[in-house]
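Report on one structure; see the data block that follows.
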Amino acid sequence: MNNLHLKNGHIVDPANNINEVKDLWIQGSRFVDKNEIEKSTHLEVIDLEGRMVLPGFIDLRCHPRNVTGGSTENICSISKTAAQGGYTSILGMPNITPFIDNPGDARYATECAERDAVIKFYLAGALTEKSEGNKLSPIGSLKESGIKAVTDCPYSTQNNEIFVKGVEYAAMFNLPVIDFPRELSLSKHGTAHDSKIALSMGLGGYPRMAEEIFVQRSITVSKNLEVPIHLSSISSRGSVELIHDAKSKGVFITADTTPHHIFFDDRMITDYDANFKTHPPLREESDQRALLSGLKEGTIDAICTAHEPHQDYLKQAEYDIAPAGVTSLDTCFSAIFTRFSEELNDLAFECAKWLSFNPSKILKIEGGNLGPGMCADFVVINPKAKKIYSEKDTCSLASNNPFYGKKLKSVIEKTFVDGKVVFGKN
């Protein structure tokens, strides 16, 4: 049994409104009050002076390609990459092999995750069969098989009747619905944000409107059914405005954005570098500013990694042919810390909300809390350290990360799951 005394660390815990230097104690897999530890118990003391301790991060969107093995990202490799980035829980989207739209494959993937993952790996089931939007998946059976949410991400159900029925059924089983808002008929051939840059490069446009129409759809459905819907990977300033207005009226809507959408804009694609071809696309500086403001004011609740690994030969194709998506599990926190370091005084506290506390509430899972009785999932961070991120640094089996060569502030030193080190040295 692990019995730890975390000493002198700066504890950042929004769940308990703690943001100060204090000690923590762990017995077995959970945090405990000091008074609960028997005097005869041997404690391993870890001195964390100059370090911050945050609740383990929880990712709301990532895309392992295979359940096991192969040369593409699998549950084992993605979990190691996540631990490297401070994540203790991640939600894998259903477009994995095998596809998670039936209870048999959901159970198989869950069993593999229990065996192979170094962190807590959760699955989202497909809202519709094969995420094709034509027929609902067996949502109740998927819930019994252990899924934590339903979604068709990185696609979105185009049929409104099916989407509404899916939201209703998910609510019956108390399952969160995650929607990736994209109206396909307006963006089918879009490989970049619909702007002068895309036009000058000869690329098909993916307009804000394609996102905003389906953001409004989710808001309308949530309002009328009085059930929560979570919007994933918001990229448009118009979406931020719609979500802000909906929340002010009490609609049960939540939303996240990605580290690359708050760090980069569409000027990054002018060299046809497919490592900046994202899903949704990078948009204009005005959209980036709106996302930053949305995070600061609470309109946007969380930041997901949108980790979409692709093999090198696919990303090295011509820009309009290369698949969209970037990797970011191992760089997300440092990218956010770098982007906001000059703008927010309580940045670590905000990061803990965006990456841990709020995601735990959205997914309805344990985590995001360093209080007594809670699972000892946490991350130790050196806020003063800096590093230039390079390809050799990652545990991922893919290298399509837009942050290669960037100097990033704040370094993840250790990640603990249930009181045990899964990244770094104890």
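The values are calculated or read from the model by the stated rules, or taken from the named source; none is laboratory data. Predicted, not measured: the structure shown is a model, and the values here were computed from it. Ideal geometry is used to build each Cβ from the backbone, glycine not excepted, and the neighbour counts take in all protein chains shown.
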Could you please find all residues in segment 253-310 being assigned to a loop (DSSP other than H, G, I, E, B), under 21 Å from I90 (Cα atoms) and either more than 17 Å from the chain's Cα centre (by Cα) or modelled with pLDDT of 95 or more (or both)? T258, T278, P280, I300, D301, C304, T305, A306, E308, P309, H310
Would you point out which residue out of V227, V251 is out of contact with any strand residue (DSSP E or B) (no Cβ under 6 Å at 6 or more places or on another chain), among the β-branched types (V, I, T) and closer than 15 Å to I300 by Cβ? V251
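Given segment 1-94, what strands (runs of 3 or more DSSP E) lie entirely inside it while holding 2 or more residues that are at pLDDT 95 or above and of a type in the set (S, T, Y)? Explain how you work it out, then say what you get.
Numbers: elements: 3-13, 18-27, 30-32, 44-47, 52-55, 57-62, 87-92.
Where strands (runs of 3 or more DSSP E) fall fully within segment 1-94 and carry at least 2 residues being at pLDDT 95 or above and of a type in the set (S, T, Y), they are 87-92.
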Could you tell me whether L355 is in a helix (DSSP H, G or I) and over 21 Å from the mean Cα position of the chain (by Cα)? no
Which condition number does F349 fail, the rest of (1) of a type outside the set (D, E); (2) farther than 22 Å from A117 by Cα; (3) not assigned by TED's automatic domain parsing to the domain that holds A322; (4) not in a loop (DSSP other than H, G, I, E, B) being met? (3)
Of everything in segment 129-145, what is assigned to a loop (DSSP other than H, G, I, E, B) and either hydrophobic (A, V, I, L, M, F, W, C) or more than 13 Å from N95 (Cα to Cα) (or both)? Give them in sequence order. G133, N134, K135, S137, P138, S145
Checked segment 323-351 for anything closer than 22 Å to T415 by Cα and without any contact (Cβ under 8 Å) to a residue 60 or more places away in the chain; matches are L347, E350
Can you tell me which residue within segment 311-334, out of those that are charged (D, E, K, R) and assigned to a loop (DSSP other than H, G, I, E, B), is surrounded by the most Cβ atoms within 10 Å (Cβ to Cβ)? D330
Segment 192-233 - residue that is more than 24 Å from the chain's Cα centre (by Cα) and in a loop (DSSP other than H, G, I, E, B) and, of those, farthest from D287 (Cα to Cα): E226
